[in-house]
1. Please identify which residues in the stretch B:234-261 have an amide N closer than 16 Å to a label point set 7 Å out from the Cα of B:Asp280, following the Cα→Cβ vector.
2. Give me A:Val48, B:Val223, A:Val87 ranked fewest to most by other Cβ atoms within 10 Å of their Cβ, as a rough exposure proxy.
3. Would you mind ranking C:Glu189, C:Glu230 so that the residue whose beta carbon has the fewest other beta carbons within 10 Å leads the list?
4. Could you state the principal axis extents of the C-alpha atoms in the stretch C:175-242, from the largest down, to the nearest angstrom?
5. Provide Rg and Dmax in Å for the stretch B:133-272, with only Cα atoms included in the calculation.
6. Between exposed trypsin sites (Lys or Arg not before Pro) in chain B, where DSSP calls loop and at most 16 other Cβ atoms lie within 10 Å, what's the longest gap?
7. What's the angle, to the nearest 10 degrees (0 to 90), between helix B:295-308's Cα axis and the longest principal axis of chain B?
8. Do any cysteines of chain B lack a neighbour Cys whose Cβ is under 4.7 Å away, and which are they?
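Please treat every number below as a calculation from the coordinates, not as lab data. Because the structure is predicted, anything quoted here is derived from the model rather than measured. FYI the Cβ positions are ideal-geometry reconstructions off the backbone, even for glycines, and counts take in every protein chain you see.
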Amino acid sequence: MLKSLDPRVNRLNIPLEEAAHAQKNKLDQFETYEVFVQTKEDKPFEHVGIVHAPNEEMAFLFAKEQYTRRGMFCISLCVIKTENIRVSDYSENQKDIYDTFEGKYSGKTTYSFEVFHLIKRGKQHKYEGNVQAKNFEDALLAARDTYPRNKPVLNVWVVKSEDIFVSDEEDQDLWDTLQEKKYRDAIDYRAADKIKAFKEKQHEH
Amino acid sequence: MYGGGNVFERMKATALVDEDPRKLAEFEARIERGEKIEPKDWMPQLYRKQLIRMIEQHAHSEIIGALPEGTWITRAPGFKRKLALMAKVQDEVGHAQLLYAAAETLGKSREKMIDDLITGKSKYSNIFNYPAFTWADSCFISWLVDAGAIVNQLANAKGSYGPYCRALERICAEESFHLKYGHHCVIHMATGSKKQREMMQAAINRWWPPMMHFFGPSDTISVHSEILMKWKVKMASNDACRQQFLDMYVPKIWELGLTIPDKNLQKNNETGQWEYTEPDWDEFKRVINGDGPCNKERLAVRRTAEERGRWVREALLAPKTKYITPLA
Amino acid sequence: MNTEAIKELVYKMADDLLILGHRNSEWTGFGPLLEEDIAFSSMAQDKVGQSWQMYKILHELGDSEPDTVAFMRNANQFHNAQFVELPNGEYDFSLIRHFLFDSAALLRYQMLTESSYTPLANLTKKIKGEAKYHSMHAKIWMKQLGSATEESIQRLQNALDEAMPYALGLFEPSPYEAHLIKDKIFAGEEALQILWQKEVESIIEETQLILPDWNSLIPALGGRNGQHTEHLQPLLDEMSEVFKVDPSADW
């Protein structure tokens with residue numbers, strides 16, 4: 001058995017042979033979900049990253065701890081399966097990607113879509129709003145005609161509203177945390193007094 | 001936590017020959033302007049390859065880096081330390097997840113990366129191949145290894161690839177907790193009882209040589225590294241990171257009355273540079289190539305976790321699901 | 001109020017949380033997938049954090065500092081159910097224990113938010129969001145793995161069969177049940193167990209697992225009185241290894 005300084009590893013009882021082989025014999029890759037977080041009532045949902053998960057319920061469970069475990073920065077969370085998001089091209093920083101779209105919005109309300117914008121390269125996509133359209137292409141045109149664009153939009157994500165898995169209002173208490181959770185934050189570790197006292201004591205000697 | 005000393009792929013002289021010169025010029029101009037590259041943008045193959053390799057190594061370093069400190073997770077003294085160490089090691093696993101995700105946007109799946117880690121095909125930061133003998137070792141890691149990582153990560157966060165920079169921003173925010181927590185632990189050890197002080201000093205003596213290895217050997221100036229710098233893949237030289245680390249942390253170690261086991265270590269006031277005994281680079285190479293005190297254990301634990309978790313993943317994996325590359 | 005009765009109640013809750021939180025923290029870095037590794041660690045932290053708050057209540061009632069209480073007692077002074085001290089085993093057992101324990105914890109907290117003992121009512125109100133997540137997490141996992149592959153179903157079934165008698169030990173009645181109920185401090189273990197059995201049945205029904213006949217089970221009792229399995233003392237020795245190097249030191 002593998003001997004370790006970590007008692008947890010010793011309890012895993014890893015035979016030395018197993019340690020040497022045990023190659024993964026097939027890839028068990030899950031699909032990914034894009035995760036969006038809302039930090040305050042008056043702020044839009046913002047993309048924070050992805051999780052790997054087999055379905056949206058689990059994606060939600062995972063996203064909650066991976067992206068919002070320091071609870072005070074979240075009031076709501078949503079996950080969207082990556083393949084359900086339609087992505088536009090990216091434009092140059094000063095150009096608006098909507099200007100490259102040709103065609104006329106149908107005005108049809110077959111489906112409801114949610115729209116996310118990227119304003120600057122290197123930043124995250126933010127929620128812009130909801131449009132009605134007959135398909136994804138149409139939704140992009142609807143978005144083009146709907147939103148005022150003070151700053152050029154570099155990239156647009158569009159997703160059917162029904163493909164969004166979002167936390168219920170009544171689940172806001174999931175992010176209520178104890179004051180004592182401060183142990184996860186830098187602010188909880190002040191020790192300047194201790195150094196000062198130590199130095200003074202050394203000085204005396 | 002991650003140091004320098006990236007093992008970049010060797011570049012062939014012809015590597016850029018096949019690239020479209022107009023697109024290459026646009027790409028380089030965008031980086032020059034300080035704009036980020038996003039996943040769907042055109043990029044040279046070499047850029048993609050080197051980034052995958054670098055981010056992947058960084059991710060591996062996080063997941064393996066959870067193990068030396070994890071050694072003390074069940075033994076942390078008192079509630080506050082117990083909770084903090086649990087949260088800290090958890091953060092490292094979280095960082096691995098974020099970094100794998102950033103690398104995935106370049107087209108390599110996470111499972112493939114993990115596979116390359118556990119079959120020994122790709123590397124991780126060398127320092128995690130050393131053992132954490134006592135609680136004080138875990139304090140050293142939390143403070144100083146993380147401090148080293150922050151030097152490196154803050155530099156990389158100014159790089160050119162959007163998803164990597166975003167991941168690093170989140171990571172650096174969490175690292176500030178690690179750094180303060182680690183410093184807090186070391187301060188308590190150093191200003192505590194005789195026994196605590198001795199433990200802390202012994203840990204520094206053990207960890208100083210790997211710490212000096214952490215940033216990697218001096219970079220050799222080559223066309224290759226020039227291009228990586230120009231493309232903002234590599235953001236600072238190994239020596240520059242090491243100097244910055246020494247500048248920030250040696251005085252903080254000394255002020256606690258602790259010593260550093262290198263009699264040549266001193267700041268040259270004329271050059272402003274730290275002088276030190278040249279680290280043993282033969283040992284560095286030996287350990288990176290698999291012959292360190294814990295290489296075997298680290299990979300064995302990772303493999304075992306993968307192997308024993310397989311039935312769980314298989315059960316979760318519905319046959320209908322299909323993997324596609326994440327967006328950003 | 002009957003302080004002895006309150007202490008008995010708070011001690012057993014605190015010790016359960018500390019020991020299970022400790023056990024679950026052993027998974028950090030070894031989990032079956034990265035995201036679950038993170039989620040499981042959060043829940044372990046929540047438990048240890050909750051226990052810390054409960055030891056603070058006990059400190060207010062005149063007992064020693066939380067660190068001393070947690071790190072200096074021997075096994076026979078612990079009031080946790082034997083269930084939480086059992087080794088983690090593989091993920092199947094850890095998951096089943098998480099499900100059985102956290103369903104009970106959430107119900108217990110919900111009952112205690114009504115407690116006439118204010119510190120406990122306040123604390124359980126504050127931590128019920130955490131408990132809600134734990135229970136949500138457990139349910140989703142149970143439903144998923146409990147009806148997935150032949151292997152996962154068989155593994156969970158074995159773990160369930162092994163865990164169930166120990167899980168019943170969570171509801172070992174205290175000598176103060178009548179006082180607690182009369183003073184409206186806590187509605188009692190029996191009431192809790194009835195709710196819990198219903199909850200467990202409703203989740204297991206949605207899986208392909210088979211619940212053992214409640215009447216055939218012999219609960220593993222004694223934990224509340226300090227009678228433990230051979231696993232608790234080594235756990236405590238490990239947990240306090242550094243602390244005991246110098247218990248008066250500031251670590």
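1. B:261
2. The most exposed by this proxy come first: B:Val223, A:Val87, A:Val48.
3. Ranking C:Glu189, C:Glu230 by Cβ neighbours within 10 Å, fewest first, gives C:Glu230, C:Glu189.
4. Principal-axis extents of the Cα atoms in the stretch C:175-242, largest first: 44, 40, 23 Å.
5. Here Rg and the maximum Cα pair distance are 16.6, 53 Å.
6. B:159-262
7. Once rounded, one gets 60 degrees.
8. B:Cys165, B:Cys172, B:Cys241, B:Cys294
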